[in-house]
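Computed from the coordinates by the stated procedures, all read-outs in this text should not be read as laboratory data. Only a predicted model underlies this, so the values are computations on that prediction, with no experimental measurement involved. Cβ atoms come from the backbone with ideal geometry, glycine included; neighbour counts cover every protein chain shown.
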Amino acid sequence: MYGHFWPVLPFRYRQVASELGVLMDLLPDRLPWFIAGPLLGLLVVGFFLFTNQPLGATGAYAETSKAVRRVPGAVVWRVWYFVGIALGGFIAVSLKETGFDPRSGYDILTQSGEGNFGLSLPVAALVIFVGAVVMGYGARMSGGCTSGHGICGTAQRSPASWAAMMTFMASAVATTFIINQVV
Amino acid sequence: MKSSTKFNIIGLLFGAGFGFVLGAANLHEYTTIHNMLSLEEFDVFGLMGLAIGTSLPLLAIFERAKVKTVLAGTLSLSRSKVQKHHVVGGAIFGIGWAVSGTCPAPALVMLASGAGLAAVTIAGLFVGLGLRDAQTSRAAGGAVTQGDGEHRTTVGVGN
């Protein structure tokens, strides 16, 4: 009844859970912003109270990269943090009606029609890759990303983080405006 | 328990909490970020505003009270002066953010939610970070720029 092939089990876990009577639809499709925002703020404060460190993602990528390449001095707990983000996200989507949903994730880019970009899959992948390289380069140069500068740095009242956040917000809105004009 | 083990557990737990909130609020969906940056939907701006609005005053109070953190001594916040690389890097980051429709942490949640192309995003992020690190180490012999949003190396602490 679960499929006889163990590799499919991870994708059928919601079915398994419902047959076992485990409640899975605990989360709404989208937790309202006015609940998620303060929760995120409390996580930032809690993380500081434990580790005296910002809850930023760029640092986690940098340390994970070092750990994978076996560069001496890599901060191992940042790797655990990196893994934790994915794990927590998996738990969250599992508790929604949709559950784990194998898909491209970039339907707007790959599908055609009104408001979509209609790119072929390889072209879409190339665009996303280049965008991500630019994003990673910029985050490392700036010393933080949306979580690091945008929330943790601003919450520390860091002038550098406030400047970085206002710059990347403006640049992202401008870039999106251009993208929307072209499409 | 060893201090490094405690750090690992706290890192995993808070990472999971962070990823959970991102996933619960749908920040891992391309459309959420695209609609935000198209200024069609203000939820994410409100979310970030409330996150800052909650954490900024609490951190200020705890800083003034010289609160001892559990694993790493007295709470110390960093407030760097604005330098060119913060702003230029931010501008570059924003372009990539708009194109790939996700930022570094939500990209991980995106992949964990089943979005296959997020693997491309994550790979690109590693490449971009690596390019910047290679550039700075060529220029300054190993010194890497650190900002107030990144991991910081605190003196005398087991991290």
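Restricting the GluC sites (Glu not before Pro) of segment B:1-102 to loop positions (DSSP other than H, G, I, E, B) with no more than 16 neighbouring Cβ atoms within 10 Å leaves B:E40, B:E41. Determine the sum of side-chain charges near A:S158: Lys and Arg each +1, Asp and Glu each -1, restricted to other residues whose C-beta is under 12 angstrom from that of A:S158. With Lys, Arg at +1 and Asp, Glu at -1, the net is +2.
Rounded, prolate or oblate: which one fits segment A:1-102, using the alpha carbon gyration tensor with axes a ≥ b ≥ c (rounded when a/c is under 1.5, else prolate when a/b beats b/c, else oblate)? The partial results should precede the final answer.
Numbers: a/c = 3.21, a/b = 1.45, b/c = 2.21.
Note, shape of segment A:1-102 comes out oblate.
The longest stretch of chain A left intact once loop-based trypsin sites (Lys or Arg not before Pro) with at most 14 other Cβ atoms within 10 Å are removed from consideration, loops following DSSP, is A:71-183. Is segment B:3-149 rounded, prolate or oblate when judged by the Cα gyration tensor, a ≥ b ≥ c being the square roots of its eigenvalues, rounded requiring a/c under 1.5 and prolate requiring a/b larger than b/c? Taking the square roots of the gyration eigenvalues as a ≥ b ≥ c, segment B:3-149 is rounded. Treating only the Cα positions of segment A:133-183 as identical point scatterers, give the base-10 log of I(q)/I(0) from the Debye formula at each q in 0.19 Å⁻¹. For the requested q values the scattering log ratios are -0.62. Which one, A:V68, A:A172, A:P122, is farthest towards the positive end of the dipole of the protein assembly as shown when Lys and Arg carry +1 and Asp and Glu -1 on their Cβ? Value: A:V68. Across the options B:I92, B:L13, B:L58, the greatest Cα extent toward the positive end of the charge dipole of segment B:3-149 (unit charges at beta carbon of Lys, Arg, Asp, Glu) belongs to B:L58.
Annotation: Cα Rg of the protein assembly as shown relative to the compact-globule expectation 2.2 N^0.38 Å equals 0.96. When both segment A:54-126 and segment B:1-77 are represented by their alpha-carbon centers, they are found 17 Å apart.
The Rg/Rh ratio of chain A, with both radii computed over alpha carbons and Rh defined as the Kirkwood radius, is 1.00. If you plug the beta carbon distance of A:S112 and B:F45 into 1/(1 + (r/R0)^6) with R0 = 25 Å, you get a FRET efficiency near 0.25.
Rounded to the nearest 20 debye, the dipole size of chain A about its Cα centre is 660 debye, using +1 on the Cβ of Lys and Arg and -1 on the Cβ of Asp and Glu. Per residue of A:62-74, other chain Cβ atoms within 10 Å of the residue Cβ number 2 on average.
Computed about the Cα centre, the dipole magnitude for segment A:1-102 is approximately 460 debye when only Lys and Arg (+1) and Asp and Glu (-1) carry charge, each at its Cβ.
Of the cross-linked pairs A:K66/B:K6; B:K6/B:K68; A:K66/B:K66; B:K6/B:K81; A:K66/A:K96; A:K96/B:K2, which ones have a Cα-Cα span greater than 27 Å in the structure shown?
Details: A:K66/B:K6 21 Å; B:K6/B:K68 16 Å; A:K66/B:K66 33 Å; B:K6/B:K81 32 Å; A:K66/A:K96 34 Å; A:K96/B:K2 37 Å.
Over 27 Å Cα-Cα: A:K66/B:K66; B:K6/B:K81; A:K66/A:K96; A:K96/B:K2.
Is there a simple number for the mean count of other chain Cβ atoms within 10 Å of the Cβ of residues in B:58-69, and what is it? Intermediate values should be presented prior to the final figure.
Details: counts 8, 9, 3, 1, 3, 3, 0, 0, 0, 3, 2, 7.
That works out to 3 on average.
Amide H contacts of B:A115 (H built 1.01 Å from N, in plane; Pro and chain starts excluded): A:R103 sit under 5 Å, all sequence-distant by 5 or more or on other chains. For B:E29, neighbours were defined as the other residues whose beta-carbon sits under 15 Å from its Cβ, and their charges (Lys and Arg +1, Asp and Glu -1) total -4. Would you kindly state the longest site-free stretch of chain B, with sites defined as trypsin sites (Lys or Arg not before Pro) in a DSSP loop (not H, G, I, E, B) surrounded by at most 16 other Cβ atoms within 10 Å? Longest stretch, sites excluded: B:82-159. The label point for A:A17 and the one for A:V68, both projected 7 Å from the Cα toward the Cβ, are 2.8 nm apart. Could you compute the net charge surrounding B:G101? Neighbours are other residues with a C-beta less than 12 Å from the C-beta of B:G101; K and R count +1, D and E count -1. With Lys, Arg at +1 and Asp, Glu at -1, the neighbours total -2. Remark: the protein assembly as shown carries a charge dipole of roughly 1500 debye about the Cα centre, counting +1 on each Lys and Arg Cβ and -1 on each Asp and Glu Cβ.
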